[in-house]
Structures are given as C-alpha cells and as structure tokens.
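Any read-out appearing in this document is the output of simple, stated calculations on the displayed coordinates, not a laboratory observation. Bear in mind the structure is a predicted one, so any value in this text is a computation, not a measurement. Ideal geometry is used to build each Cβ from the backbone, glycine not excepted, and the neighbour counts take in all protein chains shown.
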Amino acid sequence: MISHLLNFFYPRKCGSCGIYDPNFLCQSCLNEMRPYHPTTSLFPMNQPIQSVTSLFKYTGRASQVIARLKYSKITSLAHPLSSLLYLTAEHEGLLETDIIIPVPIHRYRRIERGYNQAELLCSAFPLKYKDIVRPSHLKKKIHTPPQASVKKSNRNPKMMNPYISTTQVNNKNILIIDDVYTTGQTVSWCAEALKKAGAKEIHVLTLARS
Ligand SMILES: [Zn+2]
C-alpha cells in the first residue's frame, strides 16, 4: 500500500531517459549500453593487478548513465547498476574474494558530491558480500583531477600515489570496484597501496571501460 502511494506521488523514473520505470533504468536505455568485449582481461601474475572486468564500453548511453550517477546526483541509478555489477561479478567468479574495496574519493570531493559513487555501486550486493565491503581500507589523501580529464602529455607518471592503505591486508584477495576504467592509473595506484599493505591477489571490476 505504502509503495503504491509512493509510486503515485513520486513515480519511479528511468534515471537516464526519464520515462516511467519501476527499476530506475529502462530496458531501452540498457539495450543502448554496449557490452565491453572481452568482459575480463587477465594480467601476468607479476603485475599488481591480476584482472580487470568491465560490463560496458565507456561511450554513448553508458557514459551518459555514469555521468548522471556521478555528476548529476541521480543516485537512483546506483541500485540497477549495482545489480548488474553483482551478476557479472558472480558470473566471472570474482566474489570468491576476502575483501571488496570501492575506490575512495578525496574527502573534499565527498563533501561536494555527498557520496562516493563506487560505494553506491556495492549497494545491491547480497548481505554476505556487503559484509566484506571495506570502504575505509583505502583512503585518498591527495586531491587530484580525474585522470581521464588530464591530457596525456600532462600526465605525470612519477606523481606520488594519492592513495594509502589504512590497514594491513596480509595475504588477502581483494576485489576493487570503480565506475570507470580509463587509463588504469587510479586502480594501479590503489593496487600498489594495497600490495604494500600485504595484499595477495587483486582483481578489478568496473561498470565501464574506455
Ligand atoms: Zn531509459
């Protein structure tokens, strides 16, 4: 009854195109999001990251959906996107992990945005996996511009790692979650910090990849 009333006064809309949709992301928008192939890329064992799995190509509707979640505060999109991430994680065997860590944002950005989209992307995971989500294990201590917006020629490979691990993660397998994989710099920094803190295998799961 309450949900009927809520629906009457606040109809559920697709966070991308605005048509009525009970799932907050309609099928036609979803159909426009192009899958990323191959879903998973493996890296050699001597690299800090063992694999990167991404659902969509970071273009067209998928990039619009992510921008709406990230910059336009359309947080209703988090639930359907998180469900899709969960299904992929399960399918790719990524949930046989010890810890799940959403990529942190700097506290200034958190104050400005009000939330961390990577954390929201874990919101639809079943409880037993939510229980191993540890946002506080990594911290972003330096405020940096988004790597995708920095011109390639201006990127400084020697820049100090802005991420630190706040705790030891000795011999733990870790799944890092983020919205987008572009240059790979962000997750490399996170992996480097986690390796220093003793992490064993590190896998990455993102919604989109360019
Ligand atoms: Zn739509």
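The table below gives the values:
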{"quantity": "Cα centroid separation - region 169-190 against region 77-120, whole Å", "calculated": "11 Å"}
{"quantity": "222 nm mean residue ellipticity, helices alone, for the chain (DSSP H n ≥ 4; -39,500 (n - 2.57); rounded to 500)", "calculated": "-8500 deg cm²/dmol"}
{"quantity": "Förster-model FRET efficiency, 25 Å R0, Arg12 and Tyr71, C-beta, rounded to 0.05", "calculated": "0.70"}
{"quantity": "Zone residues, region 179-210, relative to Met45, backbone N less than 13 Å from point 7 Å out along Cα-to-Cβ", "calculated": "201"}
{"quantity": "Stokes-Einstein translational diffusion, region 28-110 - Kirkwood Rh over all Cα pairs, 0.692 mPa s, 37 °C, in µm²/s", "calculated": "224 µm²/s"}
{"quantity": "Alpha-carbon Rg/Rh ratio, for region 158-210, with Rh computed the Kirkwood way", "calculated": "0.98"}
{"quantity": "Peptides 109-119, 173-183 ordered by average Cβ neighbours within 10 Å, highest first", "calculated": "173-183, 109-119"}
{"quantity": "Restricting region 20-73 to chymotrypsin sites (Phe, Trp or Tyr not before Pro) in coil, as DSSP defines it, with at most 15 other Cβ within 10 Å", "calculated": "Tyr71"}
{"quantity": "Charge context of Arg109, other residues only, Cβ under 15 angstrom, K/R +1, D/E -1", "calculated": "+4"}
{"quantity": "Highest-MSF residue in the chain out of Ile49, Ile105, Ile132 [GNM, Cα springs under 10 Å]", "calculated": "Ile132"}
{"quantity": "Long-range amide H partners of Thr166 with built H, under 5 Å", "calculated": "Leu138, Lys139"}
{"quantity": "Inverse mean reciprocal Cα-Cα distance (Kirkwood Rh) of the chain, Å", "calculated": "17.8 Å"}
{"quantity": "Across Lys57/Lys139; Lys13/Lys139; Lys73/Lys200; Lys73/Lys172, pairs whose alpha-carbon gap is larger than 30 Å", "calculated": "Lys13/Lys139; Lys73/Lys200; Lys73/Lys172"}
{"quantity": "Highest-MSF residue in the chain out of Leu25, Leu194, Leu95 [GNM, Cα springs under 10 Å]", "calculated": "Leu95"}
{"quantity": "Length released on extending from Thr59 to Arg107, taking residue separation times 0.36 nm less the Cα-Cα span", "calculated": "14.5 nm"}
